[in-house]
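Have a look at the structure below before the remarks.
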Amino acid sequence: MWREAGDGLRWIGRDPVLLRLTALAASSNIAISGMITTLVLYALTVLGVTEAGYGLFMSAAVLGGLAGGLAAGRLAARLGTLPGMRLVLAVQTVALGALAASRHPAPGALALGVFAAGTAIWNSLCAAYGQHRVPAAMLGRVSSAQRLAGLLAAPAGAAAAGFAASAYGLPVVFWGATAVLGVTTLAAWVALRPAR
């Protein structure tokens, strides 16, 4: 198992674009895990979502994810995989900023839905790029190594969100997550520039 995991990591290390995608995904996961860790409290106390309405509020994320999954192929066909991924990160940053600025359930749910759509598109395009670049025999190992990098980054975001929320309040967590995702987006616009 460890040898196969090492094979996946070595393959990523030899492909500059896959390496950049893995780093970008890990960075994004810091923001996403921080947001998810505190989302229920943010919805209930800042946005004013009722306990009975929380399921309806979260359905915006489900519908957004579904719409994003359905739109991913068309976006890639129209813009290309890497340009599509750059655009998606930019839209997600704006959506997360809108969620941070929201003080009402309706705009908050809309922003959350757009953010979730972007996550579904990013995951679909990242998987499609890997399937195009990695031989079938290595695909599982490479995909697992990429997911592991993202999962290892998540606790850092969750811990930072917990500290920030207790020290400075819940809105700071969402503005901080927006800032992290904004830096990730700027990095993506450089790192995922299509070859000429």
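Out of all the residues in region 116-148, which are of a type in the set (A, V, I, L, M, F, W, C), surrounded by fewer than 19 Cβ atoms within 10 Å (Cβ to Cβ) and either closer than 20 Å to GLY65 by Cβ or touching a residue at least 24 places away in the same chain (Cβ under 8 Å) (or both)?
So the first thing to find is which residues in region 116-148 are of a type in the set (A, V, I, L, M, F, W, C), and the list is 116-117, 120-122, 125-128, 134, 136-139, 142, 145, 148.
Within this subset, residues satisfying the condition of being surrounded by fewer than 19 Cβ atoms within 10 Å (Cβ to Cβ) are 127-128, 136-139, 148.
The answer is ALA127, ALA128, MET138, LEU148.
Residues that are under 20 Å from CYS126 (Cα atoms), open to solvent by 50 Å² or more (accessible area, probe 1.4 Å) and not aliphatic (A, V, I, L, M) number at least 2 in the following helices (runs of 4 or more DSSP H) confined to region 1-115: 2-14, 16-41, 54-79.
The values are calculated or read from the model by the stated rules, or taken from the named source; none is laboratory data. If you're wondering where the values come from, they're calculated on a predicted model, not measured in any experiment. Cβ: placed from backbone, ideal geometry, glycine included. Neighbour counts: every protein chain shown. Just so you know, the surface numbers come from the protein's heavy atoms only, side chains and all, with ligands and any DNA or RNA stripped out. Shrake-Rupley method; radii C 1.70, N 1.55, O 1.52, S 1.80 Å.
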